[in-house]
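First up is the structure itself, then whatever we jot down about it.
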Amino acid sequence: MKYSIVVPAYNEKENLPELLSSIKEIMNSFNEKYEVILVDDGSTDGTREWIKASLEKYPFLTYIRFRKNSGKSAALQAGFDHANGEIIITMDADLQDDPAEIPKLLAKLEERYDLVSCWKEKRQDPISKTLPSKIFNATVRWTTKVKLHDMNCGFKVYRREVVKNLKIYGELHRFIPVLAAWNGFSVTEVPVKHHPRKYGRSKFGWERFFKGFFDFLTVLFLTRFKYRPLHLFGGIGLLFSLLGTIILLYLSVLWVGGVRPIGNRPLFFLGILLVIVGIQFFSTGFIADMIVSGWFHTERVFYPLEEIDGIYLKQSGEIPDQESAGKTSGGEVPERGS
Ligand code: UDP
Ligand code: MG
């Protein structure tokens, strides 16, 4: 299978006929085997009935349905888990992304990139969407050094191994390029056409700012400290304890010098507070480190493996078994994406 097109859809019934036929048209022109994985995120508008009645018409279609609405991230992850293609294409179901742009994205991928994201240069959405999105993208660009105009664009192409390395949950779909770049994949963008929504309405309202903010903290934490939490918590703990200790030492020197009482001074309480809070940060860091060390026995991927004995793992995303990979220096070869 060469291409898997993953489409998350929540109440997009009106858009599906046009979407599927335009995907079919463009994909048939490549003369390669492809599949479309439509992930129905618990739609209540009759999407399921329509698909059931249309499956024969679209033999390339795999239909995955959630019992209840679970969010775009979960839908994408389900699509990734079931994708068989060497190259994975994601697009929104609402016809805002133009399937005719797929060749342009693929051509960019051919330039040896691992992930190509779209950049909606002229975005056809109301200002209530475009302005916050600009601020969001600038902040993420600045803090993560991933230089994309449009992190959260639904239209992306990936090499298989990228999606097999990603775990998208909560609302982390907004940060896919950051997570991929942090895993050592090369990420770029190309400008594409963008259309206004034809049918249905946007599924993301104001609450996305709060969710986006917390997910941003998650991403900052995960990309920097996931495997070494003590470096963060210990750092803060050390700073606080040190400050507290200096304050308490200073007060002790005063006390020895005859200045009293010191027990009623605000500085005294600040010193004690800083020491206690500092120790708590330390303890949190130690507990987090213990949890992480536990993962190393269960989560089987924790280093970005690219090649074993001259066998590149690129493209397939699967790791060959030990025999075909030749000898490896001890230990078990971890399985990708497990
Ligand atoms: N979507 C989904 N589950 C959700 C919300 C959205 O699968 O809970 C899908 C939706 O059907 C669409 C894509 O994610 O295909 C992008 O959503 P939308 O167009 O509403 O976002 P916007 O373009 O307004 O940011
Ligand atoms: Mg949309």
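All of the numbers you see were taken from the coordinates with simple rules; none came from a lab. Small disclaimer: the values here were computed from a predicted structure and weren't measured. In this analysis, Cβ positions are derived from the backbone assuming ideal geometry, glycine residues included, and neighbour counts consider all displayed protein chains.
Worth pointing out:
- Region 77-111, residues that are more than 16 Å from ligand 2 (Cβ to nearest atom) and of a type in the set (Gly, Ala, Ser): Ala78, Gly79, Ala83, Gly85, Ala100, Ala107
- Comparison of Asp41, Asp81 shows that the only residue that is surrounded by 19 or more Cβ atoms within 10 Å (Cβ to Cβ), within 23 Å of Lys164 (Cα to Cα), free of Cβ contacts under 8 Å to residues at least 60 places away in the same chain and among the acidic types (Asp, Glu) is Asp41.
- Test: residue in region 97-105 that is touching a residue at least 40 places away in the same chain (Cβ under 8 Å), surrounded by fewer than 19 Cβ atoms within 10 Å (Cβ to Cβ) and within 14 Å of ligand 1 (Cβ to nearest atom): yes
- Residues that are near ligand 1 (Cβ under 9 Å from one of its atoms) and touching a residue at least 60 places away in the same chain (Cβ under 8 Å), drawn from region 61-78: Gly71, Lys72, Ser73, Ala74, Ala75, Leu76
Let's see how each residue does on (1) among the small types (Gly, Ala, Ser); (2) closer than 19 Å to Cys153 by Cα; (3) without any contact (Cβ under 8 Å) to a residue 12 or more places away in the chain; (4) exposed (fewer than 14 other Cβ atoms within 10 Å of the Cβ):
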site: Ser4; (1), (2), (3), (4): yes, yes, no, no
site: Lys24; (1), (2), (3), (4): no, no, no, no
site: Asn31; (1), (2), (3), (4): no, no, yes, yes
site: Arg48; (1), (2), (3), (4): no, no, no, no
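- Scope region 201-220; condition in contact with a Phe, Trp or Tyr (Cβ under 9 Å, 6 or more places away or on another chain) and under 18 Å from Asn11 (Cα atoms); matching residues: Lys203
- On inspection, Asp114 does not qualify as acidic (Asp, Glu) and either over 20 Å from the mean Cα position of the chain (by Cα) or within 16 Å of ligand 2 (Cβ to nearest atom) (or both).
- Residues being β-branched (Val, Ile, Thr) and crowded, with 18+ Cβ neighbours inside 10 Å - total across region 106-149: 4
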